[in-house]
Amino acid sequence: MSNVAALTGSTNPESTVPTPQRPWAGRRSERLITFARLVVFGVLAIGLTVVTPLADVDGWAVAFLILNFAWVIGITSRLGTKERRNAIARVVVTALGVVAFVPWLSIFATVLWRGYRGLYPGYFVGDMRVTTPDDELNLGGAGHAVVGTLIMVAIATLITLPLGILCGIYLTEVRGRLTFLVRLFVQSMAGVPSVVAGLFIFTTVVRSMEKYSGLAGGLALAVLMLPTVSRTAEEVLKLVPDDLRSAGYALGARQWRTAIMVVLPTVRAGLITAGILGVARVVGETAPLLLTSLNTNGFVWNPVGGTLASLPTYIFAMFNYGTEYSVARAWTGSLVLLSIVSALFFLARRLGQRKNQK
Amino acid sequence: MTTVETPTPRKMTVIYSRADKVFRGIVTAGALTSLVALGIIAGFLILRSSGTFREFGFNFLTGTEWFSAGEDPLGGATAAADEANDGSIFSIGPMIVGSVVVASIALLFAVPLSIGGALYIEFFAPRFIYRPLVILLDLAAAIPSLIFGLWGVEIFTSFGVRWATFLNDRLGFIPIFSVEFENFGRSPFVAGCVLAALVVPITTSVAREVYSRTPRDLIDTCYALGGTKLGAIRSVVLPYGKSGVFAGIMLGLGRALGETVAIYLMLNLVFKYSFNILDSTGGNVASMIALKFGEASDKEISALMASGLVLFVITLIVNTIASSIIQRTTPRA
Amino acid sequence: MTQGTTSSSAESTSVGGTALEFRGLETKAVHAWFGKHHALAGVSLTFPERTVTGLIGPSGCGKSTFIRLLNRMHEFIPTAAMAGSVLLNGKDIYDPSEDPAMIRLKVGMVFQKPNPFPAMTIRENVLAGIKLAHLKRDNHDEIVEKCLTRAGLWNEVKDRLDASGGSLSGGQQQRLCIARSLAVEPQVLLMDEPCSALDPGSTLRIEETIKELAEKITIVIVTHNMQQASRVSDHCAFFLTDGGPGYLVEADSTRKMFTNPSDSRTADYVQGKFG
């Protein structure tokens, strides 16, 4: 072979550099056409179904989907089976994805739309002691429910955060003979249905104290929270590289010192995240509270004084009352609850990300 | 030939300092407490429910009656003595079947939706939506089930009723779609749909996570061989993610079986074996417990504990299957 | 030393006397970017058919990026951009009328880490490309035997074609990947450091395979190992970077590159003074 690759190349980087291009990406106009087509199909779908009994969101969705399918099959009729299958798969997967997301979007929208009307400046200091669920929405409030939730969550956190972290430390640092058992049991506990946890606390604490109480509610929540906190703590501690511990030992520190002064600070944010995730898990739990702390109408500050309101049981009670205003109150309560859950969620995310940035 | 004697290995032991001993002691105590707590729960459940099992035996699981002759001790009235034959009968057969029916309907919808949703997010979504979708997905998994119940009753029921009507009209000749009375709004079908919406975030999250861990070079190889995106998904992504996705589905199943409030709000609990998913019968064990506990007599409490135990065991099995699969397939740090 | 061609398919290169359409791969002033980062600057190279060209140079000079431009794999990176043209048999592979999947059938690739499909048997692995590309072939058994033989693996696995793809040793896995790439009958085979994860024995066997394959197809191989380049390739192209984009310093026959290169940097590199 005498052919030889040409000697060439701009060895001089300062010679004119052409503009970067993406010849594989669809042209702008193509994307606009696609968007326009989807809009047209949407309108067409609504128009076609207006006279049929399918004239509602699900009917539109089905009509839209059929139109898209027909379009795709028509467009690819000239291409090979490979192209056609690819295109159809794309439509199917997109449809599934969209349908999967619709309920949650609907929930967020509904909670917002149905719930905001009940919010007024005095909402969080009001309670239901003098107001009936049927009164106008600018009377009463859910402050007692929020306080109740806070109290019970605090009780649960006070118990489970230390216990959960200790479990995590045991499983990663100490690794004694009970490791297998502890891990097995924590995992099993994660499977306890919330209502069973509530039932258990009912038959022990509520029966022996002979009254429902916030303490019982808090304990029931603790049962549900412990596995989450423990598991997250263990995962977070496992992420600490062994080199760090080796460094601690090499410097002469004993195990407890290493654990407390080297390992724990590294994962402090992670442990807080574990706590927050645990709280997020239980703050919306209804079933266990229906069996332990029930609901009440006024502000209660004493966790062992008797029944205690909480956001979930408040919402539940309002909803079951059944009138227009009471259901509206239920939605407002849901708005508050969902906001709390979302706030916790984003907080945990933010903490988790900052930890990863180290 | 000289033989070299291998020395016998020395036994290496660790002697902990006093401070370390204290530390280890505290930590172990903490772990033990959790162990003991769960042990107490399990033990208590078993203990308190043993009476029911002794009295009714296997019929507890298969019978169809729930009748309590006693009175609520917490309400002040004297409890009926735990007589052996006060006429109470407790059995949860239809509730177990109801749990399975409603959970199955939920999974029937949830499985394709979550696999499709996960594939969409990972492989088909435009890049700029990817992160918001993942965040929305994780947030959706945190929505309390009570809110799902509210949404189900207020918003979804009209849609569900329409679909049920359609099914009943067109396919009513098939036994499971036939009804005695038309009250579709309180049917396992509609409840199952809402339960599906509840389960989908969990299963989709897991599936998406699994699919995102598919080794990039396997996918690249598919393309390098002249394959298309669909081909890569079918040949590599789906087989690779099979066990992980299955574990996620198990997790979703566990959730569906144990769901209390959403079912409570959407179904009338009826103690009748029924596979007619459009009929307004059904229920599940969890919501039954929530419903019945309020005025329960002592004997009834024991029966409720037994129900709780049954529910616990079922969800435990399902969750253990899921966890063991996840542990086997997740790489260690 | 003759000059390579520079223009369109109408011109021909004399190859042993028959002036036909230029069958081979050619790049003209090809650049690559990752977002704003300019990774590769103006590379023009010709890869005539049935030759082995080695791409050498220190790491980070854009060699891997360059070959991924040759089979349109570069575009899978979300921020990727390029400029210039890549001509296969005279036609620009980035032309909008071209189907990228078709291009990748003609320009195959073997990766650095052997990656047989774990969920498939050896037999299924070899046929994977045919299945993925929906090619109609009736003679599956024949194809499997032919490709495994060309890859130098047939004798070792002919009795266990149904074993899992992952049950082979590293070198065997890589040869399986080569067989897999051959099944779709590519015109060009790109190899991105195919031996760097293997032991010396497997490496030598694969080098032998490469030399045999070059009797039928064109091979472009990226390698860090200069001795390998000198053993295996007919031509070499030397890439370098000064901290900016990678660029081509020199490209010539292997013998010349290693004994009397035109550029002093090439001389330094092949003598091991850096890299």
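Rule-based calculations on the coordinates, nothing more; no lab input. None of the values given here were measured: they were computed from a predicted structure. Cβ coordinates were reconstructed from backbone atoms using ideal geometry, including for glycine residues, and neighbour counts include every protein chain displayed.
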The protein assembly as shown: Kirkwood hydrodynamic radius (Cα pairs, Å) comes out at 32.7 Å
For a label point 7 angstrom out from the Cα of residue B:174 toward its Cβ, which stretches of the stretch B:99-131 have the backbone nitrogen within less than 11 Å? none
Among C:78, C:58, C:261, residue whose mean-square fluctuation peaks in a GNM of chain C (springs only between Cα atoms under 10 Å): C:78
Straight distance only, please: which lysines reach the Cα of residue A:82 with their own Cα at less than 18 Å, same-chain residues fewer than 8 apart left out? B:229, C:106, C:131, C:136
Give the lysines reachable from residue A:238 as a straight Cα distance under 23 Å; neighbours fewer than 8 places away on the same chain don't count. A:355, A:358, B:21
With runs of 4+ DSSP H residues as the only contributors, calculate the mean residue ellipticity of the protein assembly as shown at 222 nm using -39,500 (n - 2.57) per run, divided by the residue total and rounded to the nearest 500. -17500 deg cm²/dmol
Checking the cross-link filter: which lysines have an alpha carbon closer than 20 Å to that of residue B:292, excluding same-chain neighbours under 8 positions apart? A:211, B:272
Using a Gaussian network model of chain A whose springs link C-alpha atoms within less than 10 Å, name the residue from A:232, A:157, A:81 with the highest mean-square fluctuation. A:81
Fully extended, how many nm does the chain gain between residue A:106 and residue A:81 (0.36 nm per residue separation, minus their Cα-Cα distance)? 5.3 nm
For residue B:59 and residue C:142, what does the FRET efficiency come to when R0 = 56 Å and r is the distance between their Cβ atoms, rounded to the nearest 0.05? 0.25
Projected onto the charge dipole of the stretch A:143-357 (+1 at Lys/Arg Cβ, -1 at Asp/Glu Cβ, origin at the Cα centre), which of A:157, A:326, A:192 gives the Cα projection farthest towards the positive end? A:157
Helix hunt in chain A: which complete DSSP H runs extend at least 30 Å axially by C-alpha with mean Kyte-Doolittle at least 1.0? A:28-49, A:143-169
If I model a spin label at residue A:210 and residue A:261 as a point 7 Å from the Cα along the Cα→Cβ vector, what separation in nanometres do I get? 5.4 nm
Simple spin-label estimate for residue C:135/residue C:215, 7 Å along Cα→Cβ, in nm, reads 2.1 nm
Averaged over peptide C:73-86, how many Cβ atoms belonging to another chain are found within 10 Å of each residue's Cβ? 3
Nearest 0.05, what FRET efficiency do residue B:4 and residue A:242 give at R0 = 45 Å with Cβ-Cβ as r? 0.85
As a percent rounded to 5, the proportion of antiparallel DSSP bridges among beta bridges in the protein assembly as shown is 60 percent
Residue by residue through C:34-47, how many Cβ atoms from other chains fall within 10 Å of the Cβ on average? 3
Based on the mean of other beta carbon atoms within 10 Å per residue, what is the order of A:20-27, C:188-195, B:126-133, A:267-274, most packed first? C:188-195, A:267-274, A:20-27, B:126-133
So residue A:138 and residue A:46, fully extended at 0.36 nm per residue minus their Cα-Cα distance, gain in nm 29.2 nm
Please build a GNM for chain A, connecting alpha carbons under 10 Å apart, and tell me which residue among A:228, A:203, A:286 fluctuates the most. A:203
Ellipsoid equivalent to chain A - semi-axes via the Cα gyration tensor, in Å: 49, 39, 19
Between residue A:249 and residue B:324, how high is the FRET efficiency from 1/(1 + (r/R0)^6) when r is the Cβ-Cβ distance and R₀ = 22 Å? Nearest 0.05. 0.10
What is the spin-label model distance, in nm, from residue A:347 to residue A:29 if the labels are put 7 Å beyond Cα along the C-beta direction? 5.4 nm
